[in-house]
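A.B. asks: Just passing along the structure, written as structure tokens.
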Amino acid sequence: LAGPENGDSVQQLAYRISRLEGVLRLNKMITESGGKIFASNGKKADFDATVEKCREAGGSIATPRNPGENDATLYFVKYFNTYAYLGIKQSLIPGKFQLLNGAPMSYTNWYSNEPSGKGEE
């Protein structure tokens, strides 16, 4: 995208971003919850590559903090019929998880008897 420094006005840039967002929504590659934008290109990658791509895009890997954000992530899982990495990791206590920055999790939505480490959490 060009920016104001390239001759576009702020209004022109906002319009172009709005059109891009519309295209992404039509292609089922973007959704939102609570003012946050969740996006995916639908391609498979390993965890580290996913974290890096999110950072390069100016965001971070999805870390659902409430049911709406969980649903936004689940939207992609269902649409692309795959799994999704989340911004959490196992803590030093087996079976307990924390945010990537080490902070405790304030929201979880595990199935019964999960997490088991078998990919069905």
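The values are calculated or read from the model by the stated rules, or taken from the named source; none is laboratory data. Worth saying up front: this structure is predicted, and the values here are computed from it rather than measured. With ideal geometry, Cβ positions are generated from the backbone for all residues, glycine too; neighbour counts draw on all protein chains shown. Accessible surface is based on the protein model in full, side chains and every heavy atom, while ligands, DNA and RNA are left aside. Shrake-Rupley method; radii C 1.70, N 1.55, O 1.52, S 1.80 Å.
A.B. asks: Please report the carbon-and-sulfur percent of the accessible area for region 32-99; probe 1.4 Å, protein heavy atoms only, DNA, RNA and ligands left out.
C.D. replies: Working: 2540 of 4690 Å².
After summing per-atom areas, the C and S share lands at 54 percent.
A.B. asks: Which of the lysines could a cross-linker span from residue 44 if the Cα-Cα distance has to be under 20 Å and same-chain partners fewer than 8 positions apart are dropped?
C.D. replies: Straight-line reach from residue 44, under 20 Å: 28, 53, 78, 89, 118.
A.B. asks: In terms of the ratio Rg/(2.2 N^0.38 Å) built on C-alpha atoms, what value belongs to region 32-99? Write down the numbers at each step before the final one.
C.D. replies: On the way: Rg = 12.3 Å, N = 68, 2.2 N^0.38 = 10.9 Å.
Computed over Cα atoms of region 32-99, the ratio equals 1.13.
A.B. asks: Also, quick follow-up: Based on the mean of other beta carbon atoms within 10 Å per residue, what is the order of 94-105, 59-70, 74-85, most packed first?
C.D. replies: Values: 94-105: 11.6, 59-70: 16.0, 74-85: 14.0.
The peptides rank, most packed first, as 59-70, 74-85, 94-105.
A.B. asks: I'd like the Karplus ³J(HN,Hα) series for region 37-45: coefficients 6.51, -1.76, 1.60, θ = phi - 60°, whole numbers in Hz, and an x wherever there's a Gly or Pro.
C.D. replies: Using θ = phi - 60°, the values come out as 9, 10, 9, 8, 8, x, 8, 7, 7 Hz.
A.B. asks: How high is the relative contact order of region 32-99? Use alpha-carbon pairs under 8 Å, at least six apart in sequence, and give a whole percent.
C.D. replies: Numbers: 53 pairs, mean separation 19.2, N = 68.
Computed over region 32-99, the figure is 28 percent.
A.B. asks: For region 32-99, with every protein chain kept in place, what is the accessible area per residue (1.4 Å probe, Å²)? Numbers along the way, then the final one.
C.D. replies: Working: 4690 Å² over 68 residues.
I get 69 Å² per residue for region 32-99.
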